[in-house]
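A short worksheet on the structure shown next.
The values are calculated or read from the model by the stated rules, or taken from the named source; none is laboratory data. Not measured: the values here are computed from a predicted model. As a convention, Cβ positions derive from the backbone with ideal geometry for all residues, glycine included, and neighbour counts pool all protein chains shown. The accessibility values were calculated without ligands, DNA or RNA, using every heavy atom of the protein model including side chains. Shrake-Rupley method; radii C 1.70, N 1.55, O 1.52, S 1.80 Å.
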Amino acid sequence: MQLAQTFRRLARAPGFTLTTVLTLAVGIGATTAIFSVVNGVLLQPLPYPDSDRLVELRQRSVNTGNNWLPISPPIYFTYRDHNETLESIVLWTRGTANITGSAEPEEVPTIRTTFELLPTLGVVPDLGRGFDANDDAVGSPKTVVLSHAYWQRRFGGAGDAVGRTLVVDGAPHEIIGVLPRDFRFERDTADILLPMQLNRATAFVGPLGERGLARLRAGVTTAEANADLERLYSVMLATFPSMPGMNPEVFRNLRLAPDVVTLKDAVVGDLGDVLWILLGTIGILLLVACANVANLLLVRTEGRSRELAVRAALGASRVRLGGGLLLESALLALVGGVLGLALATIVLPSLLGLAAAELPDVLEIAVDPTVIVFALATSIGAGLLFGALPALKHVAAGGAKTPVAGRAHTEGRDRRHAQRVLVVGQVALALVLLVAAGLMIRSFQELRNIDPGFVDPEEVQTVAITVPQGSVPEFARVIQMLSDMQDRLAEIPGVEDVGFVSRLPLELGPSGGFFLEDRPGAEGVAPPQSEFRYTSPNLFETLGTPLVAGRTFDWADHRGTARRIIVSENLARREWGTPERALGKRLRMTPAEPWGEIVGVVGDVRNELLEAPAPTAVYMTLAEPLAQFIARSVRFAIRSERVGTAAFMLDIQRAIWSVDPTLPLANVQTLGDIYDRSMARTSLTLVLLGITAAMALLLGLLGIYSVISYMLAQRTREMGIRMALGARDASLRRLLLGHVVALVAVGVAVGLVGAAGLTQLMKSLLFGVTALDPVTYVTVCAMLVVTALVAGYLPARRVTRIDPMRALREE
């Protein structure tokens, strides 16, 4: 009976009901959408059996302070043969491969792995089988496992695909299996898996470039695994030889130590910091919405004072009256929660698309039962939160004693006080969110002001080309093919410059220690690490990277026997004081190599993230010994005003295929796309915080407007008397706005304290600005005060323009 009466009361006030439900739907929907991401990323386990036992094998260098180093084949073999804490261990690495044959050539992402990968993860192929030890043995027939998506795309989901041949990098591979549809691994998907086929006889201590994965034995902790594996470094050094030309003491002096972390922590990384902050800010938005609704309920319940008094006079207890008010709040909250859940379901795909670059593919994010329970609990909590205040104020505090009649009755001081507290809270919460969004805007501006080492990235088209060894075994021919491609691309109408590089700017590249001829180090001491890249002539001119001293490469440097090297400005200044003094100096990576002469110094280039300092860099030619292993895959950079047009891409494809029609164009993107992606996390946080802050500001201003309107409406008689006695409109508006200013000032003061606390948690997300940036705080406070005054001015203007006699008659 009481439930039916509550429904009828809400139906008789459609404006109030609709406003309340929509306000709650926005707050609960936004909170639920962000929680679904937090749940999928941070709370749910990875989609593998006993995933808590899966770990990533990393290393850290005690001497250099590098806390994230990959492993290597000698480490894999040593761990596999001698560990006492790992149930299984995998070595793997990402890459690409050219697929040729009956269809158009294409480059696909790959995972090269030892045979233990799928058993370690607990994954069974849908069709065929996975790799076994025979597939992974050196010299065994070549095999391949397809992802479900690639099987569908390339073979149309044909059941007889297993057993067919796929030409990978010019060599036929037998398809032995197809992975499950829902198989995901790490941050990105791969189209095919290939066996690594490690040769133990050529495993040298020194290079570190592969990833490690393992499954812990039951009951073993990561700390126990680290202790177990640390003792095996001496075993590895005694078992495997050092890389030719490298002093074994160099490796020993790195003082490597194992760093075993759970696979979930490795996949998520520092994304958790961003998500918890976003969830907290969305929670603040929900509090603003609840404060808004509580104000509406206070006003509505005040209007029902006579009804409550009549019911009390007829014998209704305070508990019954309070229960009725809470039931009304609960119904509003549940309806708002249902609509909010529907809103979250609709918004989530767009949110995931916005955050695609930051969310690992292996994580499953959806509106699942956990999210539904969270939405229900949030709705109930919100209902209790905003419903309790009106119930206590109008019932427990004597609402049942309200007079039945009396047109001159005005609300009590305690009720006005409650509404003012809610207004202050809304202003404070809105200010906290606005400050957070303002700091992200300032960080974004600072990132945009950084010199990345190149200019006008939107005018640089990039494409990846890989010349596989199976197709072209002679590297001298590869060099000629790349030179011919560069010439063909330069002939395309509208092309200003063209060059290629083994890794583009803002793409993490390999690094190594370089010995300097005039800086002989202590015997066995590892030299400082620098990133290195292989570049073509005209590469720096294409990117717009300034030449600081000397010259850049020409093709004679690539084909000659004399080794030529270009270094970054920060490396030259660190070692020789000025770029000019670096010219003519010589360096090399190992004592077994001949010295390379520095012929040029170029500007610093950001090679990972914009917020990370530009690393010292060494640029080399294709004449380097290691180039034949690394530089078969290069990125062409083509500067032109035609970038972004379909005709231009067709011209690029024809130019490449005029040299070799079997080579696919991969990673087709502009340098601007790479630049934007480097700021993806900052952009994502900025957008979400900006939307949240804007919504909080809107809800807060609506709350201020509605409460001030109601509070001023209660003073209509007072205003009529003042005007009848000769008070001017302007003086009355100043009087009324003074109350608004007082409330807003208190809210700003409280909000500043809250913002100072929240922004301390955001330090890891900020760049070039402090958590207490005065420009942001002053700007936000000024904006909030001005908009709040506008929200208060409109009802004040309306009250002071009323006819005095009419005001007195109405009261």
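Observations
- Among the residues of region 442-466, those that are in contact with a Phe, Trp or Tyr (Cβ under 9 Å, 6 or more places away or on another chain) and among the hydrophobic types (A, V, I, L, M, F, W, C) comprise Phe444, Leu447, Ile450, Phe454, Val460, Val463, Ala464, Ile465.
- Residues that are assigned to a loop (DSSP other than H, G, I, E, B), at pLDDT 90 or above and either closer than 30 Å to Ala356 by Cα or among the hydroxyl-bearing types (Ser, Thr, Tyr) (or both) within region 170-210 comprise Leu179, Pro180, Arg181, Phe183, Ala190, Asp191, Met196, listed in sequence order.
- Scan of region 607-617 for residues that are surrounded by fewer than 21 Cβ atoms within 10 Å (Cβ to Cβ) and either hydrophobic (A, V, I, L, M, F, W, C) or free of Cβ contacts under 8 Å to residues at least 24 places away in the same chain (or both), ordered by number: Leu609, Leu610, Ala612, Pro613
- When residues in region 625-641 are screened for being surrounded by fewer than 20 Cβ atoms within 10 Å (Cβ to Cβ) and more than 24 Å from Glu107 (Cα to Cα), 2 of them pass.
- Residue check, Glu569 modelled with pLDDT of 95 or more, under 20 Å from Glu541 (Cβ atoms) and charged (D, E, K, R): yes
- When we screen Thr552, Thr542 for residues that are within 36 Å of the chain's Cα centre (by Cα) and closer than 25 Å to Gln461 by Cβ, the only hit is Thr542.
- Those residues of region 164-201 which are polar (S, T, N, Q), under 36 Å from the mean Cα position of the chain (by Cα) and open to solvent by 70 Å² or more (accessible area, probe 1.4 Å), in sequence order: Thr189
- Test: residue in region 720-740 that is farther than 30 Å from Glu507 by Cβ, aliphatic (A, V, I, L, M), modelled with pLDDT of 70 or more and part of a helix (DSSP H, G or I): yes
- Identity of the residue in region 130-160, more than 21 Å from Arg184 (Cα to Cα) and assigned to a helix (DSSP H, G or I), that ends up most open to solvent (accessible area, probe 1.4 Å): Asp160
- Pairing each residue of region 343-361 that is over 22 Å from Ala266 (Cα atoms) with any residue that is among the aromatic types (Phe, Trp, Tyr) and surrounded by 14 or more Cβ atoms within 10 Å (Cβ to Cβ), provided the two are 6+ apart or on different chains, yields C-beta distances under 9 Å for Ala344/Phe35.
- Residue that is modelled with the lowest pLDDT [pool: residues in region 100-116 that are of a type in the set (Ser, Thr, Tyr) and in a loop (DSSP other than H, G, I, E, B)]: Ser102
- Qualifying position, being under 14 Å from Ile365 (Cβ atoms) and surrounded by 18 or more Cβ atoms within 10 Å (Cβ to Cβ), among Val38, Val55: Val38
- With respect to the conditions (1) within 23 Å of Arg477 (Cβ to Cβ); (2) not in a loop (DSSP other than H, G, I, E, B), Glu624 falls short on a single one, namely (2).
- When Thr552, Thr561 are checked against the criterion of being surrounded by fewer than 23 Cβ atoms within 10 Å (Cβ to Cβ), among the β-branched types (Val, Ile, Thr) and in contact with a helix residue (DSSP H, G or I) (Cβ under 9 Å, 6 or more places away or on another chain), Thr552 stands alone in meeting it.
- Within region 548-563, residues that are over 26 Å from Gly453 (Cα atoms) have Cβ atoms under 9 Å from residues that are in a loop (DSSP other than H, G, I, E, B) and open to solvent by less than 70 Å² (accessible area, probe 1.4 Å) in these pairs: Arg559/Thr621; Arg559/Leu622; Arg559/Ala623; Gly560/Thr621; Gly560/Ala623; Thr561/Ala623; Ala562/Ala623, counting only partners at least 6 apart in sequence or on another chain.
- Some residue of region 576-598 being touching a Ser or Thr at 6+ places or on another chain (Cβ under 8 Å) and open to solvent by less than 60 Å² (accessible area, probe 1.4 Å): no
- One residue stands out among those in region 69-109 that are open to solvent by less than 10 Å² (accessible area, probe 1.4 Å) and within 19 Å of Ala190 (Cβ to Cβ): the one that is farthest from the chain's Cα centre (by Cα), which is Ile99.
- Candidate set from region 745-785 (those that are among the β-branched types (Val, Ile, Thr), out of contact with any Leu (no Cβ under 7 Å at 6 or more places or on another chain) and assigned to a helix (DSSP H, G or I)); member that is modelled with the lowest pLDDT: Val785
Residues are listed down the side, and each one gets a yes or a no for (1) within 22 Å of Gly283 (Cα to Cα); (2) assigned to a loop (DSSP other than H, G, I, E, B); (3) modelled with pLDDT under 90; (4) open to solvent by less than 20 Å² (accessible area, probe 1.4 Å):
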residue: Leu332; (1), (2), (3), (4): yes, no, yes, yes
residue: Val338; (1), (2), (3), (4): yes, no, no, no
residue: Ala344; (1), (2), (3), (4): yes, no, no, yes
residue: Val347; (1), (2), (3), (4): yes, no, yes, no
residue: Ala356; (1), (2), (3), (4): no, yes, yes, no
residue: Leu376; (1), (2), (3), (4): yes, no, no, no
residue: Gly387; (1), (2), (3), (4): yes, no, yes, yes
residue: His394; (1), (2), (3), (4): no, no, yes, yes
residue: Pro403; (1), (2), (3), (4): no, yes, yes, no
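- Condition check for Phe115: aromatic (Phe, Trp, Tyr), touching a strand residue (DSSP E or B) at 6+ places or on another chain (Cβ under 8 Å) and crowded, with 22+ Cβ neighbours inside 10 Å: no
- Residue in region 253-276 that is open to solvent by 40 Å² or more (accessible area, probe 1.4 Å), outside any loop (DSSP other than H, G, I, E, B) and more than 30 Å from Phe115 (Cα to Cα) present: yes
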